[in-house]
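These notes are about the structure you will find just below.
The values are calculated or read from the model by the stated rules, or taken from the named source; none is laboratory data. Since the model is a prediction, treat every value here as computed from it, not as a measurement. Glycine gets a Cβ as well: all are built from the backbone with ideal geometry, and neighbour counts include every protein chain shown. Accessible surface is based on the protein model in full, side chains and every heavy atom, while ligands, DNA and RNA are left aside. Shrake-Rupley method; radii C 1.70, N 1.55, O 1.52, S 1.80 Å.
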Amino acid sequence: MNIKICESKMDEYLSLDKGEHIPLSLTWHLLTCKKCRTNVRLLSKAEKLAARPLSIESPVSDEKISAIIKDAAPGWDEKYARPVSMTKWIVCGLLTLCFMLSFRLVAKIAGGLAVQEAYYLVFAGVVTAYSAIFVGTNLDFFIKKMEGKI
């Protein structure tokens with residue numbers, strides 16, 4: 001292959017973010033050019049080897065972290081380090097569903113089409129707000145779950 005083409009394709013590959021989709025033209029070039037394919041494979045191995053020392057766990061325990069935080073901020077309390085309980089969220093969600101279902105039956109019996117439409121709008125708003133608040137307050141949990149750390 002032409003050296004200038006290989007250089008431009010390697011520059012294009014190196015300009016991509018980690019995990020970014022590789023364009024079709026670059027994929028085709030890597031499939032047809034053994035030299036560039038080898039370079040990309042070696043770069044991937046080098047990146048994995050370079051990241052390996054970072055994955056070593058440090059011997060820091062929760063007690064040591066708590067002691068460091070207490071030294072830095074004397075007003076810090078242990079209650080802030082307790083795990084978040086999902087019980088309140090589950091109970092609140094079940095109560096919301098029960099209320100909405102009972103209101104649905106009352107609205108169907110007592111009202112007409114306008115009452116039912118208002119019910120559906122209120123129900124959609126409540127479910128959307130509940131979901132947004134739940135995800136927003138537990139965002140750290142969801143990020144760790146998606147990254148496979150939990």
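To the nearest ten degrees, helix 3-15 and the longest principal axis of the Cα atoms of the chain are 30 degrees apart.
Report the charge-dipole magnitude of the chain in Debye, nearest 20, computed about the Cα centre from +1 at each Lys and Arg Cβ and -1 at each Asp and Glu Cβ. All intermediate terms of the calculation are to be shown ahead of the outcome.
Details: 20 positive and 15 negative charges, 125 e Å.
Taking the Cα centre of the chain as origin, the dipole is about 600 debye.
For a straight C-alpha distance cut-off of 20 angstrom, the lysines reachable from Lys64 (same-chain residues fewer than eight places away being disregarded) are Lys79. How far is helix 113-137 tilted off the main Cα axis of the chain, in degrees rounded to 10, range 0 to 90? Once rounded, one gets 50 degrees.
What number comes out for accessible area per residue over the chain if the probe is 1.4 Å? Units Å², please. Show your work: numbers first, answer last.
On the way: 12330 Å² over 150 residues.
With the other protein chains kept in place, the chain gives 82 Å² per residue.
Would you mind checking the tilt of helix 34-51 against the longest principal axis of the Cα atoms of the chain, expressed as 0 to 90 degrees and rounded to 10? The two axes meet at around 60 degrees. Mean sequence separation of contacting Cα pairs (under 8 Å, at least six apart), scaled by the length of the chain, corresponds to a relative contact order of 10 percent. For volume of the Cα convex hull per residue in Å³, the value calculated from this model appears in [x] 92; [y] 120; [z] 231 under label [z].
With unit charges on the beta carbon (Lys/Arg positive, Asp/Glu negative), name the residue among His29, Tyr130, Ala118 whose Cα is farthest towards the positive pole of the charge dipole of the chain. Of His29, Tyr130, Ala118, it is His29.
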